[in-house]
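K.L.:
The following block contains the structure, expressed as C-alpha cells.
The values are calculated or read from the model by the stated rules, or taken from the named source; none is laboratory data. All values derive from a computational prediction rather than experimental measurement. Here the Cβ is made from the backbone with ideal geometry for all residues, glycine too, and neighbour counts use every protein chain on show. We work out accessible area using only protein heavy atoms, side chains counted, and drop any ligands, DNA or RNA first. Shrake-Rupley method; radii C 1.70, N 1.55, O 1.52, S 1.80 Å.
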Amino acid sequence: MPGSTLFTDAMALTRAGDGVYTGELNEHWTIGPKVHGGAMLALCANAAIQEHSRGQERSDPGDQRSDNVQPIAASGNFLWAPDPGPMRLITTVRKRGRRVSLIDVELNQGDRTAVRAAITLGDPEHHVPPLLSVNPVIPLMQPEPPPGLEPIGPGHPMEDVVHLAHGCDIRPSLTTFTPRTDGGPPIIEYWVRPKGVAPDVLFALLSGDVSAPVTFGVNRMGWAPTVQLTAYLRALPADGWLRVLCTTVQIGQDWFDEDHIVVDCEGHIVVQSRQLAMVPPPQ
C-alpha cells in the first residue's frame, strides 16, 4: 500500500515471474534520504522464504522437509544506497535440503543491484532451551523501556534522520550515545517494536540494524555506509518489546564493526548481527 507505515505492508511481495518478486520500501523505511539497510535485508529474506514455499508446493507430497523454514542466517553485501520506491528481487535457489536450504537474492532498483544477499533457511531453536547462553542484555536492560524514555518522533533530536520511526516505536537511550568518560567502548541501548503489528522474524532481522553508528561514541556523527551485514536468527520473537544492545570491537580510521544483540520480552536472544561499515569523516 503506497504511503503505508505498517511493517507488514513494507515486506509485502508480488510474484512477477519465475523466481522474481516485486515490492516497495517507501519513505517511511529510510535513514535520511536512503532506504534502511536492515529493511532491505529483511525484504531479501522474505523473497527467499516465498521462493522456498513455492518449491515446497511443487515438491513430492511425501517429502519430509521442514515446513517451518525461517531465515536462520541472512548475509548481505550493499553495493549502493537506493532511494525509496519500487524494488525488484531476483532469487536463485542454490540448495534445497531437508534441514538447510540456501537461496541467493539480488535486490534491484531500476537497472542497478543495491544488495546481493545469501539467505540460509532452516528451523531456528525456538522450542528448546539452549545448552549454554551468555546473554549480556538481561543485566543491562529491562524488558520494557524505562519510564520517561521518549520514542523517536516530533521534537526528538533524531526525528529528521530516522524516518524508520514512522513504522516503528523506537526508543533509544540517549545517555548511551555520549562518549564514555572512562575511555571504554560505546554501548548503545534501544527498545523497539513495529507499530500496529506484533514483531515477527523479518522485523527481528531489521532490528539487527536499528542502531545509530557506534562511531557516535568517538564523535564521528556523519553517514556511515554499511558495506556488509550478516544476521543470525536464533529464535522466534515473542509479542512485545525487543531490546537491542549495540557494541563494537574496533573503530578504525576507515572501517568499523558494529554488533547487535536483539532480545525479546521473554529474555530470548532472537537475533545476533555484525556489520562492516565506513567511518564518517570528521566534522
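K.L.:
Assuming Thr176 fulfils every condition listed in (1) touching a strand residue (DSSP E or B) at 6+ places or on another chain (Cβ under 6 Å); (2) modelled with pLDDT under 95; (3) within 27 Å of Ala45 (Cβ to Cβ) apart from one, which condition is it?
P.N.:
Failed condition: (3).
K.L.:
I would also like to ask the following. Going by what's in this entry, would Pro213 be described as within 15 Å of Met158 (Cα to Cα) and surrounded by 15 or more Cβ atoms within 10 Å (Cβ to Cβ)?
P.N.:
So Pro213 passes the test.
K.L.:
Determine which member of the set Val244, Val227 is under 30 Å from Leu131 (Cβ atoms) and at pLDDT 95 or above.
P.N.:
Step by step, each of Val244, Val227 is checked, and only Val244 is under 30 Å from Leu131 (Cβ atoms) and at pLDDT 95 or above.
K.L.:
Working carefully through the options Gly240, Gly252, find the one that is under 13 Å from Ala204 (Cβ atoms) and open to solvent by 10 Å² or more (accessible area, probe 1.4 Å).
P.N.:
It is Gly240.
K.L.:
Against the definition (part of a loop (DSSP other than H, G, I, E, B), out of contact with any Asp or Glu (no Cβ under 8 Å at 6 or more places or on another chain) and open to solvent by 20 Å² or more (accessible area, probe 1.4 Å)), how does Thr5 come out, yes or no?
P.N.:
So Thr5 passes the test.
K.L.:
Between a residue in region 240-258 that is without any contact (Cβ under 8 Å) to a residue 24 or more places away in the chain and any residue that is of a type in the set (Val, Ile, Thr), which pairs come within a Cβ distance under 6 Å, given they are 6 or more apart or on different chains?
P.N.:
Close Cβ pairs satisfying both conditions: Asp257/Thr248; Asp257/Val249.
K.L.:
I'd like to verify a number: residues in region 21-68 that are modelled with pLDDT under 95 and within 14 Å of Gly122 (Cα to Cα), how many?
P.N.:
Residues flagged as modelled with pLDDT under 95 and within 14 Å of Gly122 (Cα to Cα) within region 21-68 amount to 7.
K.L.:
State the number of residues belonging to region 8-36 that are out of contact with any helix residue (DSSP H, G or I) (no Cβ under 9 Å at 6 or more places or on another chain) and crowded, with 22+ Cβ neighbours inside 10 Å.
P.N.:
Summing the residues that are out of contact with any helix residue (DSSP H, G or I) (no Cβ under 9 Å at 6 or more places or on another chain) and crowded, with 22+ Cβ neighbours inside 10 Å in region 8-36 gives 0.
K.L.:
Looking at His127, His163, can you tell me which residue is of a type outside the set (Asp, Glu) and modelled with pLDDT under 95?
P.N.:
Within the list His127, His163, the selection yields His127.
K.L.:
Here's another thing I want to ask about it. Here are some conditions: (1) part of a loop (DSSP other than H, G, I, E, B); (2) of a type in the set (A, V, I, L, M); (3) open to solvent by less than 10 Å² (accessible area, probe 1.4 Å). Val271 meets all but one. Which one does it not meet?
P.N.:
(1)
K.L.:
State all residues of region 166-180 that are crowded, with 18+ Cβ neighbours inside 10 Å and in a loop (DSSP other than H, G, I, E, B); if no residue qualifies, say none.
P.N.:
Gly167, Phe177
So that you can scan it fast, the table gives a plain yes or no per residue for (1) touching a strand residue (DSSP E or B) at 6+ places or on another chain (Cβ under 6 Å); (2) in a strand (DSSP E or B); (3) open to solvent by 20 Å² or more (accessible area, probe 1.4 Å):
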site: Ser75; (1), (2), (3): yes, yes, yes
site: Pro82; (1), (2), (3): yes, no, no
site: Glu106; (1), (2), (3): yes, yes, yes
site: Val115; (1), (2), (3): yes, yes, no
site: Val128; (1), (2), (3): no, no, yes
site: Val134; (1), (2), (3): no, no, yes
site: Leu140; (1), (2), (3): no, no, yes
site: Gly155; (1), (2), (3): no, no, yes
site: Leu164; (1), (2), (3): no, no, no
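K.L.:
In region 255-268, how many are open to solvent by less than 60 Å² (accessible area, probe 1.4 Å), among the acidic types (Asp, Glu) and not in a strand (DSSP E or B)?
P.N.:
The number of residues fulfilling the criteria is 1.
K.L.:
For residues that are touching a strand residue (DSSP E or B) at 6+ places or on another chain (Cβ under 7 Å), more than 17 Å from Ala118 (Cα to Cα) and crowded, with 17+ Cβ neighbours inside 10 Å, tally how many sit in region 219-233.
P.N.:
The number of residues fulfilling the criteria is 1.
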